[in-house]
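S.K.: Provided herewith is a single structure, encoded as C-alpha cells, for subsequent inquiry.
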C-alpha cells in the first residue's frame, strides 16, 4: 500500500503591532513608496475608480451646463415668440384700421353710383345695445336714398365665407334693432370672397361688395 504525502501548509505570516508601527513610520518617511504599495494591494479596477469618478463628475457638470444653456435658449425663444406675437398683433390692428379707413373713403361714392345712396359719411361706432353692453361696428353712417334717410351698417373683412356672412347678418340685425332704424342697409366689404358667401348674402339681404371693385373705381 502506497501512502501519498501532502505538502505542508504554509503558515500565515504574522504581522505584529510593532512591525505595523515600523511599517507606517517607513511610509511616512518615504511617501514615494505609497504609490507602489497601492498598486500591490489594490486591483486595477479599484485603482481606476478615482479617475472614473473625476470623469463622471466632469460629465455631470457638462450636462448641467448644457441644461442651463438649453433653459436660457428656451427662455430667449419664448421671449422672441411673445414679442413676435405682439408685433404681428400690432400689424394686424394697423392693417385693420387702415383697411377700414380706405373703405370709409371709397365706399360712399361706390354706393352712390351703384345703389343710389347719397350724402353718406362713414365712421367706426360703438352701439349701445342696452343693459350696459356695446356692440362695435366697423363703419356706420346715415345717407339718403330716394329722398329717404338710410342707415348704412358696414363690416370689413379680409376674407369671408358663408358662415361668417350669416354671423355678421345676425349681428347687424341686432344693431339696427337697437338703433331703431326704420330704413337700413347691411354691407360687407371683403378682399377675398368664398363662393359660399354669395348665396348666404342673397338670402339674408346683405350687400356683399368685393374690395377690389370699390378700389378700382376710386377717383
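S.K.: What is the number of the single condition among (1) within 23 Å of residue 102 (Cα to Cα); (2) surrounded by fewer than 18 Cβ atoms within 10 Å (Cβ to Cβ); (3) free of Cβ contacts under 8 Å to residues at least 60 places away in the same chain that residue 199 does not meet?
M.R.: Every condition holds for residue 199 apart from (1).
S.K.: On to the next question. Could you check region 135-219 for helices (runs of 4 or more DSSP H) lying wholly inside it with 1 or more residues that are at pLDDT below 95?
M.R.: On the way: elements: 162-179, 197-204, 211-216.
Filter on region 135-219 gives 162-179, 211-216.
S.K.: Out of all the residues in region 139-169, which are farther than 18 Å from residue 124 by Cα and under 42 Å from the mean Cα position of the chain (by Cα)?
M.R.: Restricting attention to region 139-169, the residues satisfying the condition of being farther than 18 Å from residue 124 by Cα are 144-149, 159-167.
Residues satisfying the conditions are 159, 160, 161, 162, 163, 164, 165, 166, 167.
S.K.: Another question about this same structure. Mind checking whether some residue in region 173-186 is surrounded by 17 or more Cβ atoms within 10 Å (Cβ to Cβ) and under 33 Å from the mean Cα position of the chain (by Cα)?
M.R.: Scanning region 173-186 turns up no residue that is surrounded by 17 or more Cβ atoms within 10 Å (Cβ to Cβ) and under 33 Å from the mean Cα position of the chain (by Cα).
S.K.: Inside region 76-129, can you point out the residues that are farther than 20 Å from residue 156 by Cα and at pLDDT below 90?
M.R.: 76, 77, 78, 79, 80, 81, 82, 83, 84, 85, 86, 87
S.K.: Sticking with this structure for a sec: State all residues of region 126-139 that are touching a helix residue (DSSP H, G or I) at 6+ places or on another chain (Cβ under 9 Å) and surrounded by 11 or more Cβ atoms within 10 Å (Cβ to Cβ); if no residue qualifies, say none. Explain how you work it out, then say what you get.
M.R.: Applying the first criterion (touching a helix residue (DSSP H, G or I) at 6+ places or on another chain (Cβ under 9 Å)) to region 126-139 yields 127-130, 135, 137-139.
127, 128, 129, 135, 137, 138, 139, listed by residue number.
The values are calculated or read from the model by the stated rules, or taken from the named source; none is laboratory data. Everything numeric in this text was worked out from a predicted model, so none of it was measured. Positions of Cβ are generated from backbone atoms using ideal geometry, with glycine treated the same way; all protein chains shown enter the neighbour counts.
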